[in-house]
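A short worksheet on the structure shown next.
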């Protein structure tokens, strides 16, 4: 791709500007242990494999000018005894392989004609409040220069046939990008001063209905609506920083359902934070929510129609508990009959079912229904949303 075309590619940074920072010296080099790396042969990687010829025996794949290398779980051979990169120490950070230089801001998702860039939470990122754009590692201006110089935007290296990001049928990529940019900026402005729940409520087109459906969902979870604190706290800031990248995995939902999913995420994070004497980190909160994502996404539907294949099975996963297994079977039967997910759950879940069993049920049903949605909409989503670039450090996170 010509340089003019590369510079014209639209970038969307899916996190508030100047809010994330990291200090490599505080980490045990998690990104350098067993996750591989990649770079552009025309943008410095060719010189590196000449300087360090043994690297060539670690190459495992090539996509255009992008070459991909494997590394041992014990650590990259170029990782020094102090857990610092030898390339960075000897040659400077700008000489590292492109994906290593970008890390942890190297998760890429293509939406329409734009590439969304989000943080990789393998890194123990810290949140900076108030934000300091231009001063910290998570500054959009810094990252844009690094990304455009990395070679990852070249046409030969960006394969549009890769796994698509699913969008809600009512949305087009252009409208999704405008919505996500607005939400990201609202979150950035609210940091340090506004409660996360108030921010979500302010983005709803129908706050009364939003709150009503959310109340029903919380009841189905076996919980009670949490009391509203009089002022914002550190967990509000945590959620405001996490919410924009979290939304990239929720784009198949309606705008209102995305807000409900984020509200449920906050409830989970606050319940877990109560257990720990150590403040919950962005890395810890994100990893928990990633594992719970199928259940949260399922619950967030409320009574909005959920698209699924006609042969969605009535049979649920064997839970080893009759009450839980029968509840799952009943939910699937109702969903197959086109009942809304929330109504199906309200009708099917026994009042005696524990909170833990409910959580298991939601996650497993979410997995099952996710898999029936994706095949039907994958082709259309690829045409509308583009594709996700390969994630080499840390692996692809899935739909």
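Please go through region 337-352 and pick out each residue that is buried (at least 16 other Cβ atoms within 10 Å of the Cβ) and over 12 Å from residue 220 (Cα atoms).
Hits for region 337-352 are 339, 340.
Return the total of residues in region 353-380 being farther than 18 Å from residue 288 by Cβ, surrounded by fewer than 15 Cβ atoms within 10 Å (Cβ to Cβ) and at pLDDT 75 or above.
The qualifying residues number 1.
Just to be sure I understand the filter: pairs with C-beta atoms under 9 Å, separated by 6 or more residues or on different chains, first member in region 214-227 and free of Cβ contacts under 8 Å to residues at least 24 places away in the same chain, second member part of a loop (DSSP other than H, G, I, E, B) and buried (at least 19 other Cβ atoms within 10 Å of the Cβ). Which pairs pass?
Listed pairs, sorted by first residue: none to list.
Could you count how many residues in region 194-218 are over 23 Å from residue 179 (Cα atoms), in contact with a helix residue (DSSP H, G or I) (Cβ under 8 Å, 6 or more places away or on another chain) and surrounded by fewer than 23 Cβ atoms within 10 Å (Cβ to Cβ)?
Qualifying residue count, region 194-218: 2.
Could we say that residue 80 is surrounded by fewer than 18 Cβ atoms within 10 Å (Cβ to Cβ), closer than 17 Å to residue 36 by Cα and modelled with pLDDT under 95 here?
yes
I need the full set of residues from region 178-191 which are touching a residue at least 12 places away in the same chain (Cβ under 8 Å) and exposed (fewer than 15 other Cβ atoms within 10 Å of the Cβ), in order please.
Answer for region 178-191, where residues must be touching a residue at least 12 places away in the same chain (Cβ under 8 Å) and exposed (fewer than 15 other Cβ atoms within 10 Å of the Cβ): just 185.
Quick one: how many residues across region 33-57 are in a helix (DSSP H, G or I) and either farther than 19 Å from residue 146 by Cβ or at pLDDT 95 or above (or both)?
Here the count works out to 8.
Condition first: in a helix (DSSP H, G or I) and out of contact with any helix residue (DSSP H, G or I) (no Cβ under 9 Å at 6 or more places or on another chain). Can you find one or more residues in region 12-23 that meet it?
Within region 12-23, none of the residues are in a helix (DSSP H, G or I) and out of contact with any helix residue (DSSP H, G or I) (no Cβ under 9 Å at 6 or more places or on another chain).
In region 226-234, is there at least one residue being within 18 Å of residue 293 (Cβ to Cβ) and assigned to a helix (DSSP H, G or I)?
Looking through region 226-234, none of the residues is within 18 Å of residue 293 (Cβ to Cβ) and assigned to a helix (DSSP H, G or I).
Report the residue count in region 105-130 for those that are under 24 Å from residue 176 (Cβ atoms), out of contact with any strand residue (DSSP E or B) (no Cβ under 7 Å at 6 or more places or on another chain) and modelled with pLDDT of 95 or more.
1
Does residue 73 satisfy being under 30 Å from residue 244 (Cα atoms) and surrounded by fewer than 19 Cβ atoms within 10 Å (Cβ to Cβ)?
The answer is no for residue 73.
If only one of 175, 265 is at pLDDT 95 or above, more than 17 Å from residue 303 (Cα to Cα), surrounded by 23 or more Cβ atoms within 10 Å (Cβ to Cβ) and out of contact with any strand residue (DSSP E or B) (no Cβ under 9 Å at 6 or more places or on another chain), which one is it?
Exactly one residue qualifies, and that residue is 265.
Would you mind stating whether residue 260 is closer than 19 Å to residue 211 by Cα and either buried (at least 21 other Cβ atoms within 10 Å of the Cβ) or in contact with a strand residue (DSSP E or B) (Cβ under 9 Å, 6 or more places away or on another chain) (or both)?
Yes, satisfied.
Within region 268-290, restricting attention to residues that are within 25 Å of residue 22 (Cα to Cα) and free of Cβ contacts under 8 Å to residues at least 12 places away in the same chain, which residue is surrounded by the fewest Cβ atoms within 10 Å (Cβ to Cβ)?
Looking at the filtered set, the residue picked out is 277.
For residue 14, work out the one condition from (1) buried (at least 20 other Cβ atoms within 10 Å of the Cβ); (2) more than 22 Å from residue 142 (Cα to Cα) it doesn't fulfil.
So residue 14 meets the others, but not (2).
Taking into account only those residues within region 291-322 that are surrounded by fewer than 14 Cβ atoms within 10 Å (Cβ to Cβ) and not in a loop (DSSP other than H, G, I, E, B), which is modelled with the lowest pLDDT?
322
The values are calculated or read from the model by the stated rules, or taken from the named source; none is laboratory data. Treat the numbers as computed from the prediction; the structure is a model and nothing was measured. No Cβ is skipped: glycine too gets one built from the backbone with ideal geometry, and neighbour counts run over all protein chains shown.
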